[in-house]
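The values are calculated or read from the model by the stated rules, or taken from the named source; none is laboratory data. No experiment lies behind these values; they were computed from the predicted model shown. Every residue, glycine among them, receives a Cβ derived from its backbone with ideal geometry; neighbour counts consider all protein chains shown. Heavy atoms of the whole protein, side chains included, go into the accessibility calculation; ligands, DNA and RNA do not. Shrake-Rupley method; radii C 1.70, N 1.55, O 1.52, S 1.80 Å.
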Amino acid sequence: MGKNLKKIISISVYFFLLIQIFVSAGCSQVTPELTEANYSVIFEYADNETFPDSRLSLFMESNTDISRYERIKITAMENSFIWDFTDFSKIESSEHKWAGSTNLVVPEDEIIPSGMYEVKYFNADEKETTVYVTISYDTSIYDLTAEELVEKMQSDGASKKIAIYDESDILLYYGEKYSEYETARGIWNSYRQASYYYDIWCTAGNYVICIMPQQKVSLETE
């Protein structure tokens with residue numbers, strides 16, 4: 001489970017970095033100032049027969065110094081699920097600063113709520129800011145096997161990606177699944193150290209990300 005979690009997190013962050021983001025001007029206020037929200041509901045399939053596991057990825061862009069953030073509290077207004085945590089990811093470039101988590105899970109047999117979320121960010125001095133984010137996605141995916149999901153994603157016009165890893169779980173490539181990556185031989189020709197890969201389906205806006213069962217890069221099976 002630990003290895004799978006690390007893979008999901010690395011894939012999720014990669015998606016996050018590739019999403020188009022909005023440019024905001026920086027400022028030096030002490031109170032946290034949050035601008036754009038970025039969320040994805042992530043479904044992971046362990047095999048072709050069972051239903052997927054799910055988690056929520058939620059990041060906020062900030063106009064203030066993200067190194068000062070120490071705590072995030074997120075509340076789903078529909079059913080009062082609360083995530084209150086200090087272990088979260090901080091991503092910063094020359095123009096953008098984002099903070100959030102790719103691993104917000106709900107109790108077993110529950111689904112990630114749609115609707116309004118209250119999001120609070122706290123600085124080291126406990127100064128806080130609150131924003132509200134509306135999350136909307138197709139909950140029917142919970143009841144689809146991997147095979148059924150492919151049919152749905154194709155009919156919905158979702159895009160197909162691929163994530164390729166080596167035997168040390170290092171991500172070698174994430175991006176479009178071009179024709180040369182449709183076979184293990186094609187993947188191996190481009191990445192000789194490749195060990196396994198995931199097909200990944202993304203809906204428009206990356207609001208839903210579906211990670212398909214792991215497949216080995218084995219030339220013997222072709």
If I model a spin label as a point 7 Å beyond the Cα along the Cα-Cβ vector, how far apart are those points for residue 120 and residue 170 in nm? 4.3
How large is ³J(HN,Hα) for each residue in the stretch 96-105, as worked out from phi by the Karplus curve 6.51 cos²θ - 1.76 cosθ + 1.60 (θ = phi - 60°), to whole Hz, x for Gly and Pro? 9, 9, 10, 9, x, 9, 9, 9, 8, 10
Counting only protein heavy atoms and rolling a 1.4 Å probe, one gets per residue an accessible area for the stretch 77-222 in Å² of 53
Under a crude label model (7 Å from the Cα following the beta-carbon direction), how far is residue 92 from residue 156 in nanometres? 3.6
Determine the gain in length on full extension of the stretch residue 68-residue 147; use 0.36 nm per residue of separation and subtract their C-alpha separation, reporting nm with one decimal. 24.0 nm
Using a basic spin-label model with each label point 7 Å from the Cα along Cα→Cβ, how many nm lie between residue 36 and residue 82? 3.1
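Please report, as a whole percent, how much of the solvent-accessible surface of the stretch 82-175 comes from carbon and sulfur atoms (probe radius 1.4 Å). Could the numbers behind the result be given before it?
On the way: 2070 of 4860 Å².
Using a 1.4 Å probe with all protein chains present, the stretch 82-175 comes out at 43 percent carbon and sulfur.
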Per-pair calculated FRET efficiency, R0 = 30 Å: residue 109 and residue 215 via Cβ, rounded to 0.05: 0.55
Assuming R0 = 41 Å, can you tell me the calculated FRET efficiency for the pair residue 132 and residue 190, based on Cβ-Cβ distance, to the nearest 0.05? 0.40
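For residue 179 and residue 140 in one chain, what is 0.36 nm times their gap in residues minus the Cα-Cα distance, to one decimal in nm?
Between residue 179 and residue 140, full extension yields 11.1 nm more.
Here is the link list: 152/216; 120/152; 73/97; 152/177; 120/160; 97/177. Which ones come out longer than 26 Å on Cα distance? Intermediate results must be reported in sequence, preceding the final value.
Working: 152/216 24 Å; 120/152 35 Å; 73/97 18 Å; 152/177 18 Å; 120/160 34 Å; 97/177 29 Å.
Those over the limit are 120/152; 120/160; 97/177.
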